[in-house]
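Here's the structure, in structure tokens; my notes come after.
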Amino acid sequence: MALPNAFRRTADLAIDLGTSNTRLIARGKGVILEVPTVVATQQTAKGRVVVAAGADAKKMLGKTPAGTEVIRPVRGGVVEDFEATEQLLRALLARGGGRSLLRPRILVCVPPSHSEVERRAVQESARAAGGRDVLLVASPMAAAIGADLPVQRPVGSMIIDVGGGRTEVAVISLGGMVVSKSIPIAGDALDEAISAWLRRKHGLLVGDRTAEAVKMRAGCAVLVDPPLITRIRGRDLAEGGPRELDIGSSDVCGAISDTIARIREVVLEVLQLTPPELAGDILERGVILCGGTARLRGLDQVLRETCGLPVLEADEPMRCVANGAARLLEDPALFERVVFQA
Ligand SMILES: Nc1ncnc2c1ncn2[C@@H]1O[C@H](COP(=O)(O)OP(=O)(O)OP(=O)(O)O)[C@@H](O)[C@H]1O
Ligand SMILES: [Mg+2]
């Protein structure tokens, strides 16, 4: 028998540990911190110490002297550097006042495709950073809740989260994921495609931050009219010196088209695996597109044409997972239903 609400528990804090950005959510307060998932460390006599975490560390990317290392500890949605992740979470908990709670109970949003080992790595990082119990929820479930989809009802809801490191696609009904698929291809892969194209086509070497800026300023999944042009600086591969170049949106569109095709394919695969009754619901209700890459010009249009379905961009696309986690912290019955009691 289910317990009445007053006796049920959720968690004190939640964390959306994304490849690009990490959000800290507090029960009753919503998102209290949002920082780039970046840590800067320096080698000292005492070992590796953190010199910056979050936005300050991101500013140092590609600009550090010898002895300082800027790390992006999560890649493709998976924790790659356990120690740096723990240090980032520790800094976040300290900044967010999490330390005043005696060892908080923490809910962490993870990709459903995570292996047991990857899930444990996330749990261990959050525990080492100061958490007591660490519970997990599938990030597409949190995103669907954050986007106000009726996840508990017997209707199919589809969510597409295109973040920095991963594209997650899921169909949800009756509090569970009926079909889900993800690939480690999203915003970072678009940046890499732009860098590779600049190197190949223009002999220009640019850093990750410049490639990301090109994507934001002139990136598009379908041609835009009028075209956008952006001026960038990089290092000329042949001459070795700095060089400026104007890049147009049609070139960027071509440079990222293969990566966009991979994102389309995963959406199609999920649609093909969706049971017909649920597919009917999705056709009627549409699909929600979230994650930071949902902001790429024309991505919604490409997906609309791919699926032949209405695709709607979520209100706060980068915050869907975190907003859903915030709702879970407030709703013990829903929490009990969708959180893995790992
Ligand atoms: N206006 C924009 N146009 C294109 N891309 C954008 C825009 N704004 C943000 N992005 C991209 O969104 C990505 C970050 O999105 P988000 O914060 O949802 O990712 P994440 O949750 O950290 O990663 P993941 O969930 O994949 O692990 C980055 O790749 C960033 O470049
Ligand atoms: Mg994310």
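The values are calculated or read from the model by the stated rules, or taken from the named source; none is laboratory data. These numbers come from a predicted model, not from an experiment. Glycine also receives a Cβ, built like all others from the backbone with ideal geometry; neighbour counts cover every protein chain displayed. SASA here: full protein model, heavy atoms, side chains in, ligands and nucleic acids out. Shrake-Rupley method; radii C 1.70, N 1.55, O 1.52, S 1.80 Å.
When the residues of segment 82-94 are narrowed to those that are surrounded by fewer than 18 Cβ atoms within 10 Å (Cβ to Cβ) and in contact (Cβ under 8 Å) with a residue 24 or more places away in the chain, which ends up nearest to the chain's Cα centre (by Cα)? Reasoning before the result, please.
Here is the first cut: in segment 82-94, the residues surrounded by fewer than 18 Cβ atoms within 10 Å (Cβ to Cβ) are 82-83, 94.
Next cut, in contact (Cβ under 8 Å) with a residue 24 or more places away in the chain only: 82-83.
Values: F82: 18, E83: 20 Å.
If we take residues in segment 82-94 being surrounded by fewer than 18 Cβ atoms within 10 Å (Cβ to Cβ) and in contact (Cβ under 8 Å) with a residue 24 or more places away in the chain, then F82 is nearest to the chain's Cα centre (by Cα).
Could you say whether any residue in segment 229-237 is β-branched (V, I, T) and open to solvent by 40 Å² or more (accessible area, probe 1.4 Å)?
Residues of segment 229-237 β-branched (V, I, T): 229-230, 232.
Filter once more, keeping what is open to solvent by 40 Å² or more (accessible area, probe 1.4 Å): 229.
For segment 229-237, residues β-branched (V, I, T) and open to solvent by 40 Å² or more (accessible area, probe 1.4 Å): present.
Taking interchain pairs and intrachain pairs at least six residues apart, which have beta carbon atoms under 7 angstrom, with the first residue in segment 148-160 and without any contact (Cβ under 8 Å) to a residue 40 or more places away in the chain and the second not in a loop (DSSP other than H, G, I, E, B)?
From residues that are without any contact (Cβ under 8 Å) to a residue 40 or more places away in the chain, the pairs are P150/S157; P154/S173.
Return the residues of segment 163-214 that are in contact with a Gly (Cβ under 6 Å, 6 or more places away or on another chain) and away from ligand 1 (no atom under 11 Å from the Cβ); say none if nothing qualifies. Explain how you work it out, then say what you get.
Quick first cut of segment 163-214, residues in contact with a Gly (Cβ under 6 Å, 6 or more places away or on another chain) only: 163-166, 171, 173, 184, 186-188, 204-207.
Of everything in segment 163-214, those that are in contact with a Gly (Cβ under 6 Å, 6 or more places away or on another chain) and away from ligand 1 (no atom under 11 Å from the Cβ) turn out to be V171, S173, L204, L205, V206, G207.
Can you report the number of residues in segment 291-314 which are open to solvent by 40 Å² or more (accessible area, probe 1.4 Å), outside any helix (DSSP H, G or I) and away from ligand 2 (no atom under 16 Å from the Cβ)?
Total meeting the criteria: 4.
Could you say whether any residue in segment 99-115 is within 16 Å of ligand 2 (Cβ to nearest atom), touching a Gly at 6+ places or on another chain (Cβ under 6 Å), outside the structural domain of E212 (by TED's automatic domain parsing) and not aliphatic (A, V, I, L, M)?
Going residue by residue through segment 99-115, those that are within 16 Å of ligand 2 (Cβ to nearest atom) are 107-114.
In the following step, the residues that additionally are touching a Gly at 6+ places or on another chain (Cβ under 6 Å) were identified as 111.
Pick out the ones that are also outside the structural domain of E212 (by TED's automatic domain parsing) and you get 111.
Pick out the ones that are also not aliphatic (A, V, I, L, M) and you get 111.
Within segment 99-115, one or more residues are within 16 Å of ligand 2 (Cβ to nearest atom), touching a Gly at 6+ places or on another chain (Cβ under 6 Å), outside the structural domain of E212 (by TED's automatic domain parsing) and not aliphatic (A, V, I, L, M).
Would you be able to say whether some residue in segment 218-234 is over 20 Å from I260 (Cβ atoms), of a type in the set (D, E, K, R) and outside any helix (DSSP H, G or I)?
Among the residues of segment 218-234, at least one is over 20 Å from I260 (Cβ atoms), of a type in the set (D, E, K, R) and outside any helix (DSSP H, G or I), which makes the answer yes.
Could you identify the single residue in T306, T293 that is within 20 Å of G187 (Cβ to Cβ), at pLDDT below 95 and assigned by TED's automatic domain parsing to the domain that holds G219? Full working, then the answer.
Working: T293 fails: at pLDDT below 95.
Step by step, each of T306, T293 is checked, and only T306 is within 20 Å of G187 (Cβ to Cβ), at pLDDT below 95 and assigned by TED's automatic domain parsing to the domain that holds G219.
Exactly one condition in (1) more than 16 Å from ligand 2 (Cβ to nearest atom); (2) at pLDDT below 95 is false for E80; which is it?
Every listed condition holds for E80 apart from (1).
Being closer than 11 Å to I288 by Cα and either within 12 Å of ligand 2 (Cβ to nearest atom) or assigned by TED's automatic domain parsing to the domain that holds S113 (or both) is the filter here; which residues of segment 163-173 pass it?
Passing the criteria: none in range.
Among the numbered criteria (1) at pLDDT 95 or above; (2) more than 16 Å from ligand 2 (Cβ to nearest atom), which one does G187 miss?
Only one criterion in (1) at pLDDT 95 or above; (2) more than 16 Å from ligand 2 (Cβ to nearest atom) is unmet by G187, namely (2).
Hey, does segment 51-71 have a residue that's open to solvent by 20 Å² or more (accessible area, probe 1.4 Å), part of a loop (DSSP other than H, G, I, E, B), away from ligand 1 (no atom under 15 Å from the Cβ) and under 21 Å from E330 (Cβ atoms)?
no
Which one is nearest to the chain's Cα centre (by Cα) among residues in segment 28-49 that are surrounded by 18 or more Cβ atoms within 10 Å (Cβ to Cβ) and more than 14 Å from ligand 2 (Cβ to nearest atom)?
V38
Given the conditions (1) away from ligand 2 (no atom under 16 Å from the Cβ); (2) open to solvent by less than 50 Å² (accessible area, probe 1.4 Å); (3) not in a helix (DSSP H, G or I), which single one is not true for I288?
(1)
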